[in-house]
Amino acid sequence: MRRNRIFLMLICATFLCSCAPFSREIIRQSDEVLTVRDVQQSPEKYAGRMVLWGGSILETINQKSETVLRILKFDLDMQKKPARSDKPEGRFEIRYPGFLDPAIYESGRLVTVAGKIEGISTALLGEIKYGYPVVRAVEIRLWEKIDPARIPPYWYDPFWGPRPYWDRYPYHPFYW
Amino acid sequence: MQRISAAVLAFILLAGCASVISENVLREADQSVSFRDVLRDPERYRGRIVVLGGSIIKSIPKKNETWIEVLQQPLGGRLKPKNTDISEGRFIIKYRNYLDPGVYRQGRRITAAGEVAGREVLPLGEMQYSYPVLINRETHLWEEEPAYSSPQFMFGIGIGI
């Protein structure tokens, strides 16, 4: 009984550790709870703070010496992967010292970043000026997109149809 | 027993068809006014509540409000805009709060009950388009439909290093 429990804990620990794409050190250092609004309201106070933030890419801007990713911020799940929602917390900017190809970092893809708050960058959005908190990237994780061609066929049943299930029995090859 | 199962069945059916706009607002809405009427003469219907829908063309955050331009489409079951090229025109929904254009983005379908509030004339290409305006009462933003049938259940085990 006791052994079992330890074993179970071990398994859990393995899963939990192996799922997060960021080093434990970074996760320990960074603030996941800090919100976009906090930074917008007092950027000086939070300058230099490590955050672990994520969301979906709105725009990728290649500048001479760096790449700016504008992100719609979502909450992170256990794996630190952003969970898409229609109620995002706000927007922020990732600044990465180097080139990120906009053909890969394209609009709609999910990223998680560990980095330092650097202040606010203001840009026009519709007819307002939006203050994007700037995160200087230390580590970026781009999440794989779900490729429709790669979804294994067993996820949908070709014999599924508008007919009710009792009607399906004689025609269905697997008889369930 | 039978009565219970009938009740359950009725509940399921009703829940399945439930409209996305609350009943209170729907009761206020004037179902006899068509989009075409409003488009032709928004002033005449000023103050009436109508339910319109379509796909989003553009969202424009402004000071203390957001405007959403919509391409009107006829509403189908559950007041969902139909995926069709049939459209009578465009309209604008005005919101008193900030809505993010990253969420209310081009192509997503939207259904709104709102109060007719005149028109806005805005440039469209090289012409001027007269948009009827609704002040939002209640809005439903529809989930995007993926081009493929997405899996409803996923289960996986993996170990990463």
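Of all residues being buried (at least 18 other Cβ atoms within 10 Å of the Cβ) and more than 14 Å from chain B (Cβ to nearest Cβ) in the stretch A:96-115, which is nearest to the chain's Cα centre (by Cα)? Just the residue, please.
Top of the filtered list is A:Thr112.
Inspect the stretch B:106-116 for any residue being touching a strand residue (DSSP E or B) at 6+ places or on another chain (Cβ under 7 Å), in contact (Cβ under 8 Å) with a residue 12 or more places away in the chain, assigned to a loop (DSSP other than H, G, I, E, B) and open to solvent by 10 Å² or more (accessible area, probe 1.4 Å) and give the result as yes or no.
Within the stretch B:106-116, one or more residues are touching a strand residue (DSSP E or B) at 6+ places or on another chain (Cβ under 7 Å), in contact (Cβ under 8 Å) with a residue 12 or more places away in the chain, assigned to a loop (DSSP other than H, G, I, E, B) and open to solvent by 10 Å² or more (accessible area, probe 1.4 Å).
What residue, among those in the stretch B:103-144 that are basic (Lys, Arg) and in contact with an Asp or Glu (Cβ under 8 Å, 6 or more places away or on another chain), is nearest to the other protein chains (Cβ to nearest Cβ)?
Top of the filtered list is B:Arg108.
Out of (1) within 14 Å of A:Leu58 (Cβ to Cβ); (2) open to solvent by 20 Å² or more (accessible area, probe 1.4 Å), what's the single condition that is false for A:Ala123?
Failed condition: (2).
Please pick out the residue among B:Gln128, B:Gln152 that is open to solvent by 70 Å² or more (accessible area, probe 1.4 Å), of a type in the set (S, T, N, Q) and modelled with pLDDT of 95 or more.
Working: B:Gln152 fails: modelled with pLDDT of 95 or more.
On inspection, the qualifying residue turns out to be B:Gln128.
Mind listing whichever residues of the stretch B:37-55 are aliphatic (A, V, I, L, M) and buried (at least 21 other Cβ atoms within 10 Å of the Cβ)? I'd like the intermediate steps shown before the answer.
Step one: list which residues in the stretch B:37-55 are aliphatic (A, V, I, L, M), which gives B:38-39, B:49-52.
Correct list: B:Val38, B:Ile49, B:Val50, B:Val51, B:Leu52.
Only one of these is in a strand (DSSP E or B) and at pLDDT 95 or above: B:Leu99, B:Leu134, B:Leu39. Name it.
Being in a strand (DSSP E or B) and at pLDDT 95 or above holds for just one of B:Leu99, B:Leu134, B:Leu39, which is B:Leu134.
Can you work out which of the residues in the stretch A:59-69 that are touching a strand residue (DSSP E or B) at 6+ places or on another chain (Cβ under 7 Å) and open to solvent by 40 Å² or more (accessible area, probe 1.4 Å) is farthest from A:Tyr130 (Cα to Cα)?
A:Ile61
Out of the residues in the stretch A:76-87 meeting the condition of being in contact with a strand residue (DSSP E or B) (Cβ under 7 Å, 6 or more places away or on another chain) and either buried (at least 20 other Cβ atoms within 10 Å of the Cβ) or touching a residue at least 40 places away in the same chain (Cβ under 8 Å) (or both), tell me which one is farthest from B:Pro101 (Cα to Cα).
The selected residue is A:Lys80.
Based on this model, can you work out whether A:Lys73 counts as modelled with pLDDT under 95, within 15 Å of the chain's Cα centre (by Cα), within 14 Å of chain B (Cβ to nearest Cβ) and buried (at least 16 other Cβ atoms within 10 Å of the Cβ)? Walk me through how you get there before you give the answer.
Working: modelled with pLDDT under 95: no; within 15 Å of the chain's Cα centre (by Cα): yes; within 14 Å of chain B (Cβ to nearest Cβ): yes; buried (at least 16 other Cβ atoms within 10 Å of the Cβ): yes.
Criteria not met by A:Lys73.
The values are calculated or read from the model by the stated rules, or taken from the named source; none is laboratory data. It should be emphasised that the depicted structure is a prediction, and the values quoted were computed from it without experimental measurement. Neighbour counts are summed over all protein chains in view; Cβ atoms, including those assigned to glycine, are modelled from backbone coordinates with ideal geometry. The accessibility values were calculated without ligands, DNA or RNA, using every heavy atom of the protein model including side chains. Shrake-Rupley method; radii C 1.70, N 1.55, O 1.52, S 1.80 Å.
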